[in-house]
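In what follows, a structure is listed as structure tokens, so that the remarks can point back to it.
The values are calculated or read from the model by the stated rules, or taken from the named source; none is laboratory data. Since the model is a prediction, treat every value here as computed from it, not as a measurement. Backbone-built Cβ (ideal geometry, glycine too); neighbour counts: all protein chains shown. Heavy atoms of the whole protein, side chains included, go into the accessibility calculation; ligands, DNA and RNA do not. Shrake-Rupley method; radii C 1.70, N 1.55, O 1.52, S 1.80 Å.
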Amino acid sequence: MGISPDTLAVVGIGRTAQGEHPGRTASSLAVEALGEALSDAGIPKDRLDGLITCKQMAGDGNDELVATTAGIHPKYSTTLDYGTCNFSLHQAQMVLRSGMASTIALTYGTNQRTDRFPFAGGRAPGAGSFSTPYGFAHIAGQAGMALQRWRHLYGTTEEEFAHIALSQREWAQLNPISLFKQPLTMDDYLAQPYLVDPLRRADITMISDGGVSLIVTTADRASEYTDRPIYLSGMAQVGATGSTYTQDDTVLRGWLRDVGDRVFESADMDRSDIDAVYIQDPTAVWPLQMLAHLGFQSPEDVGPWLAERHTYPGGSLPVNTNGGQLSEAYMWGWLHIFEGVQQLRGAADQRQIKDARAVIYASTFAFVKAAASILVRGDS
């Protein structure tokens, strides 16, 4: 795909505080983040002619509610039921190239923590008719099975797996908005009881409230907004058809390898070009699988490689420098894109990777579908 005049450029980012927001709606949090993104882009809201919202699982946050709350009147708007920032970015790229809008706000807001949304009990991703009758009422159950299968096939040890949570906690200690900043040692980790065997508390995300927003336009318009645009250089997706409950070893999600191959082909880049990796991580199993499926390590080697601290601050391939969903906050991956943009801008403070020029973000909807994006600096 590379960069052409109609390539998507991120020109503004915004976020709310994370944690608990009593009395707030998902839409109001999305609009607060939108205001921050507009301020970052230095533009008024009447410059927006497009809106793509990501509806939280409880239902609030669609485009009509967000547009009404924000007082905007876009020519184009839509709502994605599962718009983790990859899917929303890809939708925006297609809208920009169609000419249906020229400056688009992407938003997500959620009050899932204070609203006490029941992620277990049949309403959460992956907890439908194929899984709930067998006791998988929460994604952690399926993730636990996936980890057991992975260990059996590839030999990843408990200590090697622990480095995912431990490295992200070290990054989170450098992030002022992280929910979890207390130090986490290997002994601390191993002392935690299993929540869903073999997953411990540190391996599973904590639910939070908050909002995130991006302002995007085309590359040929980006200079009207900022002197440091960040470009969507490559993208790839795989849909639900044929990827869930219909393949051998579905918990290993081998179909993710196709997403990894295609996103690098789309960007005409190699793995060695990537300065940081961002992986949506409702559990620590996701980074374990996806570092292998994206092609950074083989399944057999990823465990020992993690133990060598490559993903930690100062490591050769930083992963989730924001602390990820395990230690920063659970925003369906939106904060991963926020962090990736900050890294490419050179504005990540203590977390800054020297001369970061390209990052990849990968996300999945449980064991159903996936997407990946490669973002690059404007002078790359």
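Listed peptides 334-345, 360-371, 45-56 appear in the order 334-345, 360-371, 45-56 once ranked by packing, highest mean of other Cβ atoms within 10 Å at the front. Net charge around residue 99, counting only other residues with Cβ within less than 15 Å of its Cβ (Lys, Arg = +1; Asp, Glu = -1)? Result for the neighbourhood of residue 99: 0. Rolling a 1.4 angstrom probe over the chain with all protein chains present gives an accessible area of which 49% lies on carbon and sulfur atoms.
Rounded to 0.05, the FRET efficiency of the residue 257 and residue 148 pair, given R0 = 22 Å and the Cβ-Cβ distance, is 0.60. The distance linking segment 254-303 with segment 309-334 is 14 Å (Cα centroid to Cα centroid, whole angstrom).
Take the alpha carbon gyration tensor of segment 249-339, find the square roots of its eigenvalues, order them as a ≥ b ≥ c, and report rounded if a/c is under 1.5; if not, report prolate when a/b exceeds b/c, else oblate. Verdict is rounded for segment 249-339.
Taking a ≥ b ≥ c as the square roots of the eigenvalues of the Cα gyration tensor of segment 179-226, is the shape rounded (a/c under 1.5), prolate (a/b larger than b/c) or oblate? In terms of gyration-tensor shape, prolate. Averaged per residue, segment 23-75 has 44 square angstrom of accessible surface, using a 1.4 angstrom probe with ligands and nucleic acids left out. For the chain, DSSP calls about 70 percent of its internal beta bridges antiparallel. Highest mean packing comes first when the peptides 325-333, 231-239 are listed by Cβ atoms within 10 Å, giving 325-333, 231-239.
Here residue 298 and residue 39 are evaluated by their C-beta separation; at R0 = 41 Å the FRET efficiency comes out at 0.35. Using the Cβ-Cβ distance between residue 201 and residue 98 with R0 = 41 Å, the FRET efficiency computed as 1/(1 + (r/R0)^6) comes to roughly 0.35. Peptides 77-85, 158-166, 29-37 ranked from most to least packed by the mean count of surrounding Cβ atoms within 10 Å: 29-37, 158-166, 77-85. Distance from the alpha carbon centroid of segment 14-40 to that of segment 340-380 works out to 22 angstrom. Couplings 3J(HN,Hα) for segment 306-316, derived from phi with the Karplus relation 6.51 cos²θ - 1.76 cosθ + 1.60 (θ = phi - 60°), are 4, 5, 7, 6, 5, 8, 7, x, x, x, 6 Hz, where x marks Gly and Pro. Per residue, the accessible area of segment 284-380 comes to 25 Å², computed with a 1.4 Å probe over protein heavy atoms only.
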